[in-house]
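Data block below; observations after.
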Amino acid sequence: MIGLPSLRRGLVMIVGAVALTACAETQFITHTAKRISKAQQTTPEPKVTYKVGKPYQIKGTWYYPAEDYAYDETGIASWYGKKFHGRATANGEVFDMNGLSAAHRTLPMPSFVRVTDLESGRSLNLRVNDRGPFARGRIIDLSRRAAQLLGFEAKGTARVRVQILARESRAIATALQGGSDVARLGTPITVGRLPKPTVSRETLPPPPGGTVAPGAASASASASVRPVAESLPRVDGALRNSVTVSKMEAGKISLAPVQPTNIFVQAGAYSRFDNANQVRARLASLGGVKVTSVLIGGRDLYRVRLGPLTSVADADRALENVIANGYSDARIIID
């Protein structure tokens, strides 16, 4: 029979062994977590660089990248996803089909655009960080997630209007080229090079029976004239090159009334009616070719258009026919 003291000693030894084992496991888990955390901290973030690029040629067509802060175009959008997921984009980032981004043939990277689905009225602000699409009848390629939010993932294409967000695009271009810092997410973008507006404030006397809070007068005096931008949070140089900056303005859906639209294939726009009429005559065999006039930038232009067409598929076929007749700059227009 085991005595009570011996039993107590045995229990103490067992408890001690269990405690040491638990302590060792805890130390192992903590050490492992630290190693994982350290590895995560040392993984370099993708660097965001600003790139316009040189002219390039795809399938016999030349494209000329440029800073175009007046860009505003209608046409057909498509989307890309799994095949390119995880691959490098044209400016060296990693394409994420579940993120919010877009590919454009000529706009700077990165720049911000507003894409409006003209059939649903939905609009979404996106960040351009890739080149494409290179199908002649498309003007922009969206990530799969962007197509989902706009509502055309299943359909594959959509009639859209693409407008550059000039203020935001100029700001990020300046920041990434070392010109200034960019305000944090959710705040207006500020550029250090631009003149900063000032706001003057006058302290009014309290209403009858009212009193001035302690310290209010001194606070008003110190803030009477202050640049607006100074009150906004800033980011440091490291964050300027992080992906966080790239998500500014993205992901917010807006809704607008839907207006009826038509699809046309435009062979060209000419300053002289007789030139436009000659083109119309050459394309007359394709059917439905008309010359219409429009005033742009204070001058009349004469557009040669085929349509209206009933579907994107019809527009694609008509576009190929117009190009085959020698008008390589023809494009699909939504009007």
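The values are calculated or read from the model by the stated rules, or taken from the named source; none is laboratory data. Everything numeric in this text was worked out from a predicted model, so none of it was measured. Cβ atoms come from the backbone with ideal geometry, glycine included; neighbour counts cover every protein chain shown.
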Against the definition (without any contact (Cβ under 8 Å) to a residue 12 or more places away in the chain, closer than 26 Å to Tyr64 by Cβ, out of contact with any His (no Cβ under 6 Å at 6 or more places or on another chain) and assigned by TED's automatic domain parsing to the domain that holds Ile253), how does Ala135 come out, yes or no?
no
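Taking Leu309 as the residue in question, decide whether it is in contact (Cβ under 8 Å) with a residue 12 or more places away in the chain, closer than 15 Å to Ala330 by Cβ and under 37 Å from the mean Cα position of the chain (by Cα).
Yes: the conditions hold for Leu309.
Please verify whether Arg114 is outside the structural domain of Val312 (by TED's automatic domain parsing), in a strand (DSSP E or B), of a type outside the set (Asp, Glu) and surrounded by fewer than 20 Cβ atoms within 10 Å (Cβ to Cβ), treating the condition exactly as stated.
Judged against the criteria, Arg114 is a match.
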Could you list, in sequence order, all residues of segment 140-158 that are part of a strand (DSSP E or B) and in contact with a Phe, Trp or Tyr (Cβ under 9 Å, 6 or more places away or on another chain)?
Asp141, Leu142, Ser143, Ala158
Say we look at segment 49-69 and pick out the residues that are modelled with pLDDT of 90 or more and small (Gly, Ala, Ser); which of these is surrounded by the most Cβ atoms within 10 Å (Cβ to Cβ)?
Gly53
Only one of Gln278, Gln266 that is part of a helix (DSSP H, G or I) and either at pLDDT 95 or above or assigned by TED's automatic domain parsing to the domain that holds Lys51 (or both):
Gln278
Taking the condition touching a residue at least 12 places away in the same chain (Cβ under 8 Å), farther than 24 Å from Tyr64 by Cβ and crowded, with 22+ Cβ neighbours inside 10 Å, does Leu150 pass?
yes
